[in-house]
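Trainee: Below is a structure I'd like to ask you about.
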Amino acid sequence: MFVNYPETERAYRLILEEYYIVLEEQQIFSKFKTARERYLELMEYRPKVIQKASVGHIASYLDMSIETLSRIRSKI
């Protein structure tokens, strides 16, 4: 397909690059910040997630236990 339609190759590459950037940001987000920092950043940049998602889903997204998330939320 890329040989017959070279414009699709470019579009595919751009989509793949964008996905890779988001994936790398998520890796950095979860590995180099404390649990509290991750939660505060989520509150700042994606407040609707906190309003709509369950506690279990938020904890999983932030790579922490529900108990840890509950302790963080109680202190904020």
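Where a number appears in this text, it was derived from the coordinates with a stated rule and is not lab data. Predicted model, so just to flag it, every value in this text is computed and none were measured. Note that we place each Cβ from the backbone using ideal geometry, even for glycine, and neighbour counts take in every protein chain shown.
Trainee: For the residue pair GLU7 and VAL55, what label-to-label distance in nm results when each label sits 7 Å from Cα along the Cα-to-beta-carbon direction?
Mentor: 5.2
Trainee: If packing is taken as the average number of other Cβ atoms within 10 Å across a peptide's residues, how do 25-33, 56-64 rank, most packed first?
Mentor: 56-64, 25-33
Trainee: If Lys and Arg each add +1 and Asp and Glu each add -1, what is the summed charge of the other residues whose beta carbon sits under 14 Å from the beta carbon of SER65?
Mentor: +2
Trainee: Which of the aspartates and glutamates could a cross-linker bridge to LYS75, judged by Cα under 14 Å and excluding same-chain residues fewer than eight apart?
Mentor: By straight Cα distance, LYS75 reaches GLU37, GLU67.
Trainee: Pick the calculated log10 I(q)/I(0) by the Debye sum over Cα atoms at q = 0.11, 0.12, 0.23 Å⁻¹ for this structure from [x] -0.41, -0.47, -1.03; [y] -0.24, -0.28, -1.07; [z] -0.33, -0.39, -1.00?
Mentor: [x]
Trainee: Relative to the longest principal Cα axis of the chain, at what angle does helix 6-31 sit, 0 to 90 degrees, rounded to 10?
Mentor: 20
Trainee: Leaving out same-chain residues fewer than 8 places away, which aspartates and glutamates sit with a Cα under 13 Å from that of LYS33?
Mentor: GLU25, GLU41, ASP63
Trainee: Can you tell me the relative contact order of the chain? Whole percent, Cα pairs under 8 Å, sequence separation 6 or more.
Mentor: It rounds to 22 percent for the chain.
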